[in-house]
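Below is one structure, written out as structure tokens, with a few remarks after it.
The values are calculated or read from the model by the stated rules, or taken from the named source; none is laboratory data. From a predicted model like this one, the values you see are computed outputs, not experimental measurements. Counting neighbours? That spans all protein chains shown, and the Cβs are built from the backbone with ideal geometry, glycine included.
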Amino acid sequence: MELFNSLIRETRSLLEKGSPKAWDYAPGETWKDIGSSELVLQKDAAFELGASGRGSANYVLFTSDPALVDRDQILLYGPDLREIRGDVDFARIVLLRVGVLDDDEEQVYRVLKDIEFAKYHVYPEGYMVRMSPENYREQVRVSKQAIRGGISFRAIGNSYIQAYKKDPNVLNATVIFVTAPGFDYKAMKDNAKKASDITNTLTHILEGLSTDCTVCALKDICDEVEGMKELHFGVGDKGHKH
Ligand code: SF4
């Protein structure tokens, strides 16, 4: 699957100027999960990641190319949770290598949706995540108690990787956290929007959109995204009705 490959390359180049801390996935070293969302009150909060007025971006990109994603790994650009002293910019970007081929568009779509859903199944203790999918942000309130208990991005990253890897289609997961000032969070947010446009285009294709590119409202996305047209015309070749 190559639909998201150019976004993976763009994301890597946005981060190129930083030197991350890196940890390999350690399955036994996740942060405690409380199984449902927790309310961290403002008075109990140490700080917020990606709070309003701060940069914030959240997205997941998929590929089948091991040259782009080949490890289960956590990368951190910026201070770790116990080093942060006040509200900071925040991005969480997930790169997944999946074992799905483009020629079965329904399977591609189903796998993407299943995997996107998995992100709602991580509830780390003292780490209250609020997603705003409509503006591609993620805001996290971290409790003072979690800081005292030793919370870290390594442990949170392990929790996410464990959740993603429950899906047998996920072969590798790299979770990237960005907390340092000076990165282009706006560009990351633009990437998040493009990723969502790709998924939405897939939805329309599956709904039986006509294969006439000259009148198609999605042409801009398809012109930009490698593999999208091939995927759509593949549907036609297999005799699907439009
Ligand atoms: S391949 Fe052509 S018809 Fe299909 S979604 Fe893209 S622009 Fe539209």
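Can you tell me which residue is nearest to residue 4 (Cα to Cα) among those in region 86-117 that are touching a strand residue (DSSP E or B) at 6+ places or on another chain (Cβ under 7 Å) and exposed (fewer than 14 other Cβ atoms within 10 Å of the Cβ)?
99
Between a first residue in region 178-207 that is over 30 Å from residue 234 (Cβ atoms) and a second residue that is part of a loop (DSSP other than H, G, I, E, B) and among the polar types (S, T, N, Q), which pairs have beta carbons less than 8 Å apart while being 6 or more apart in sequence or on different chains?
none
Can you confirm whether residue 28 is more than 13 Å from the chain's Cα centre (by Cα), over 26 Å from residue 197 (Cβ atoms) and crowded, with 17+ Cβ neighbours inside 10 Å?
Answer is no for this residue.
Quickly run through region 37-55 and pick out the residues that are more than 20 Å from the chain's Cα centre (by Cα), modelled with pLDDT under 95 and small (Gly, Ala, Ser).
Selection gives 53 alone.
For region 214-234, enumerate the residues that are more than 7 Å from the ligand (Cβ to nearest atom), more than 23 Å from the chain's Cα centre (by Cα) and in a loop (DSSP other than H, G, I, E, B).
Hit for region 214-234 is 217, nothing else.
Specify which of the listed residues (176, 151, 161, 156) is in a loop (DSSP other than H, G, I, E, B) and away from the ligand (no atom under 16 Å from the Cβ).
The unique qualifying residue is 151.
Go through region 43-103 and tell me which strands (runs of 3 or more DSSP E), entirely inside it, have 1 or more residues that are in contact (Cβ under 8 Å) with a residue 24 or more places away in the chain and of a type in the set (Asp, Glu).
In region 43-103, the matching strands (runs of 3 or more DSSP E) lie at 45-49.
List the number of the failed condition for residue 205; all other conditions in (1) within 9 Å of the ligand (Cβ to nearest atom); (2) at pLDDT 85 or above hold.
The number of the failed condition is (2).
Kindly check whether there is at least one residue in region 76-85 that is touching a helix residue (DSSP H, G or I) at 6+ places or on another chain (Cβ under 6 Å), buried (at least 21 other Cβ atoms within 10 Å of the Cβ) and farther than 25 Å from residue 186 by Cβ.
No - not one qualifying residue is present in region 76-85.
Considering only region 124-138, state which residues are modelled with pLDDT under 95, farther than 12 Å from residue 196 by Cβ and buried (at least 18 other Cβ atoms within 10 Å of the Cβ).
Across region 124-138, the qualifying residues are 129, 137, 138.
For residue 211, indicate whether it is surrounded by fewer than 22 Cβ atoms within 10 Å (Cβ to Cβ), assigned to a loop (DSSP other than H, G, I, E, B) and within 16 Å of the ligand (Cβ to nearest atom).
In short, yes.
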